[in-house]
Amino acid sequence: MVTFHSLLSGLLAVSATLIHAFPSAAPETSRNLNVLQSRQLANPSPGCGKAPFSSGVRTVTVNGRNRQFIVRVPNNYNPNRSYRLIFAFHWVGGTMNDISSGGTDRELWSYYGMQRTAGESAILVAPQGINNGWANTGGEDVAFVDAMIRHIEDALCVNKRQRFSLGFSYGGSMTFSLACSRAKEFRAVAVIGGGQLSGCDGGSDPVAYLGIHGVWDGTLNVGMGRGMRDRFVRNNGCQNTNAPEPSRGSGIHIKTNFNGCRVGYPVTWIPFDGGHWPGAVDNGPESGARSWVPGEIWSFFTQAQLAS
């Protein structure tokens, strides 16, 4: 009977023979591995190569206050691969648990559907707002985001050029605030039914911007969404572009990619026939599980011009 050790010895001998027979094979293989490794470790954070912490609730101290957030680490996490980092901010009265659990739609709507669409390719974060909101008084919530980034990236392998933020309502307002004050730290943002409620410190730098808004939103009027969008139309050097919006009762959404934006800084606007809700569905009631919104956000975040 052939033993495991004799079989292993034979395979090693064959490998050595091939390397001697084709002397360029070993260096070429080494070069290919180096290229693959460099791609996997693009813009690595300090946590690359370290043993990770597990998914769950984390705590950081910001201005003397303990702040909590939930982190979901991919099931197949590899410490030698740098991952996208996606923050998902809850609405007023919502919680980090609402975001991470997905509510009644469960994993289909977890992190606004990013858990499903990312397919274990991103580290997901659900922060908890003070009093279940994002007033960002004195910039304390932006400081919270800074602290979360340091905490996460010191322990997990993140591509520092692939940070993203999204949120609905007050969470959309917080995401807009980050677009204003941390445009150089985030690659792209997606604002769903937001308003300018969490401040806009700075607000002159470009960032890839996706706005989604119901045309008959009675809580945060669609005009607010247009105004927030137009700031980044200007910042990103986009041309004035016709951006049609669906009529009430049409049951559709209309997507416009603005023309002439700087490469790497697109602006996309998707108004829909609906009100103040995050999981829009054409010709149907709102449903996170069936909504087109997660697919549009993921497509925006992962488009080729945002890869570097």
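The values are calculated or read from the model by the stated rules, or taken from the named source; none is laboratory data. Keep in mind the model is a prediction, meaning the values are calculated, not measured. As a convention, Cβ positions derive from the backbone with ideal geometry for all residues, glycine included, and neighbour counts pool all protein chains shown. Side chains included, ligands, DNA and RNA excluded: accessible areas come from the protein's heavy atoms. Shrake-Rupley method; radii C 1.70, N 1.55, O 1.52, S 1.80 Å.
Summary table below
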{"item": "Kirkwood hydrodynamic radius of region 162-222, Cα pairs, Å", "result": "11.3 Å"}
{"item": "C-alpha center-to-center spacing [region 104-119, region 128-161] in angstrom", "result": "21 Å"}
{"item": "Given charges at beta-carbon only (K, R positive; D, E negative), |dipole| of region 157-285 in Debye", "result": "500 debye"}
{"item": "Candidates PRO285, PRO79, PRO294: whichever shows maximal mean-square fluctuation once the chain is modelled as a Gaussian network with Cα springs under 10 Å", "result": "PRO285"}
{"item": "Cα-projected label distance for ARG106 with ASN132, points at 7 Å along beta-carbon direction, nm", "result": "2.4 nm"}
{"item": "For region 226-308, Kirkwood radius (reciprocal of mean inverse C-alpha pair distance, Å)", "result": "13.9 Å"}
{"item": "Helix 222-235 axis, angle to the chain major axis (alpha carbon atoms, nearest 10°)", "result": "50 degrees"}
{"item": "Region 103-203 - convex hull of alpha carbons, volume per residue in Å³", "result": "105 Å³"}
{"item": "Surface accessible to a 1.4 Å probe, LYS160 within the full protein complex, Å²", "result": "90 Å²"}
{"item": "Share of pairwise Cα separations in the chain, more than 36 Å, in percent", "result": "24 percent"}
{"item": "Cβ-derived FRET efficiency at R0 25 Å, ALA304 paired with GLN239, nearest 0.05", "result": "0.75"}
{"item": "The chain: most fluctuating residue of SER177, SER45, SER204 per GNM, C-alpha cutoff 10 Å", "result": "SER204"}
{"item": "Proximal charge balance of ILE86 [Cβ under 11 Å; K/R count +1, D/E count -1]", "result": "+4"}
{"item": "Accessible area per residue, Å², the chain with all protein chains present, probe 1.4 Å", "result": "45 Å²"}
{"item": "Furthest towards positive pole of dipole, THR117, ASN80, MET96, structure part the chain, Cβ charges", "result": "ASN80"}
{"item": "Largest-first ordering by accessible area, 1.4 Å probe, given options THR268, THR241, THR104", "result": "THR104, THR241, THR268"}
{"item": "Contour excess over end-to-end distance, with Cα ends at ASN259 and THR61 and 0.36 nm allotted per residue", "result": "67.0 nm"}
{"item": "Cβ-placed point charges (K, R +1; D, E -1), dipole of region 58-199 about Cα centre in debye, nearest 20", "result": "380 debye"}
{"item": "The chain - mean residue ellipticity at 222 nm from DSSP helices (-39,500 (n - 2.57) per run, n ≥ 4, rounded to 500)", "result": "-9500 deg cm²/dmol"}
{"item": "Accessible surface of TRP292 - all protein chains present, 1.4 Å probe, nearest 10 Å²", "result": "40 Å²"}
{"item": "Rg and Dmax [Cα atoms of region 141-269; Å; Rg one decimal, Dmax integer]", "result": "15.0, 49"}
{"item": "Contour minus Cα-Cα distance for THR95 and ASP201 (0.36 nm per residue)", "result": "35.7 nm"}
{"item": "Beta bridges by DSSP in region 173-308, antiparallel share as percent, to the nearest 5", "result": "20 percent"}
{"item": "Portion, in percent, of the accessible area of region 229-307 that falls on carbon or sulfur, probe 1.4 Å", "result": "44 percent"}
{"item": "Bridge type composition, the chain - antiparallel percent by DSSP, nearest 5", "result": "40 percent"}
{"item": "Accessible surface of region 35-117 [probe 1.4 Å, protein heavy atoms]: carbon and sulfur percent", "result": "45 percent"}
{"item": "Normalised per residue, the volume of the convex hull around the Cα set of region 49-111 (Å³)", "result": "117 Å³"}
{"item": "Dipole in debye (nearest 20) - the chain, about Cα centre, beta carbon charges: Lys, Arg +1; Asp, Glu -1", "result": "620 debye"}
{"item": "Accessible heavy-atom area order of HIS90, HIS151, highest first, probe of 1.4 Å", "result": "HIS151, HIS90"}
{"item": "Modelled FRET efficiency - R0 45 Å, ALA147 with ARG290, Cβ distances, 0.05 increments", "result": "0.80"}
{"item": "Choice from PRO271, PRO246, PRO127 with maximal GNM fluctuation in the chain (Cα, 10 Å cutoff)", "result": "PRO246"}
